[in-house]
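S.K.: Got a structure here, written out as structure tokens. Questions coming.
The values are calculated or read from the model by the stated rules, or taken from the named source; none is laboratory data. Just so we're clear, the structure is a prediction, and the values are computed from it rather than from any experiment. FYI the Cβ positions are ideal-geometry reconstructions off the backbone, even for glycines, and counts take in every protein chain you see.
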């Protein structure tokens with residue numbers, strides 16, 4: 001059984017590379033954080049497939065290659081504080097926890113936040129704070145952020161999020177209509193990153 005899991009993980013990492021995830025730090029984080037604990041029920045056996053899977057509250061856990069590509073585009077650094085909009089299963093936040101100093105993650109579904117927080121605790125991920133709120137308002141109490149990542153599609157970045165980003169720092173979000181074609185967009189706030 002252990003050999004089967006090891007082989008599936010190896011195929012998982014190969015699939016990430018073949019889809020364009022080449023950043024060494026991102027690949028190491030995705031190798032370290034097992035996707036399995038973030039998927040419950042019938043779909044648990046498909047944890048290493050590069051596909052989105054259903055989770056509670058009518059939401060999905062993004063396919064790993066998308067998580068990898070968005071994380072790579074975010075270009076998060078070890079001293080960064082990151083805001084994630086859309087906790088979902090918690091998988092994206094867990095990946096980021098390996099790359100940054102602190103991550104705040106928000107979701108409108110209390111049940112998802114509770115489940116994700118439980119997995120964070122089980123995995124010993126102490127640099128993540130998850131809370132329930134309307135993510136379009138961001139988290140002004142901890143702003144400004146070095147990076148912001150939005151995991152739910154939007155036609156454009158909500159204004160409050162832009163205002164909570166440090167000057168010169170970046171935000172990554174999928175842009176497009178829900179259920180339609182979406183593209184990842186990366187934007188910066190002005191020229192230089194201020195401390």
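S.K.: Please go through the stretch 134-169 and pick out each residue that is under 19 Å from the mean Cα position of the chain (by Cα), modelled with pLDDT of 90 or more, assigned to a strand (DSSP E or B) and farther than 23 Å from residue 57 by Cα.
M.R.: Matches in the stretch 134-169: 145, 146, 147, 148, 165.
S.K.: Suppose we filter 76, 93 for residues that are without any contact (Cβ under 8 Å) to a residue 60 or more places away in the chain, closer than 22 Å to residue 26 by Cβ, in contact with a helix residue (DSSP H, G or I) (Cβ under 8 Å, 6 or more places away or on another chain) and surrounded by 19 or more Cβ atoms within 10 Å (Cβ to Cβ); which single one remains?
M.R.: Result: 93 is the single residue among 76, 93 that is without any contact (Cβ under 8 Å) to a residue 60 or more places away in the chain, closer than 22 Å to residue 26 by Cβ, in contact with a helix residue (DSSP H, G or I) (Cβ under 8 Å, 6 or more places away or on another chain) and surrounded by 19 or more Cβ atoms within 10 Å (Cβ to Cβ).
S.K.: Looking at the stretch 38-63, which of its residues are farther than 28 Å from residue 142 by Cβ and either buried (at least 22 other Cβ atoms within 10 Å of the Cβ) or in contact with a strand residue (DSSP E or B) (Cβ under 7 Å, 6 or more places away or on another chain) (or both)?
M.R.: 39, 43, 46, 52, 53, 54
S.K.: Also, I was wondering about something else. As an exercise: evaluate residue 132 against (1) buried (at least 19 other Cβ atoms within 10 Å of the Cβ); (2) touching a strand residue (DSSP E or B) at 6+ places or on another chain (Cβ under 9 Å); (3) under 20 Å from residue 38 (Cα atoms); (4) in contact (Cβ under 8 Å) with a residue 24 or more places away in the chain and give the number of the one condition it does not meet.
M.R.: Here residue 132 clears every test but (1).
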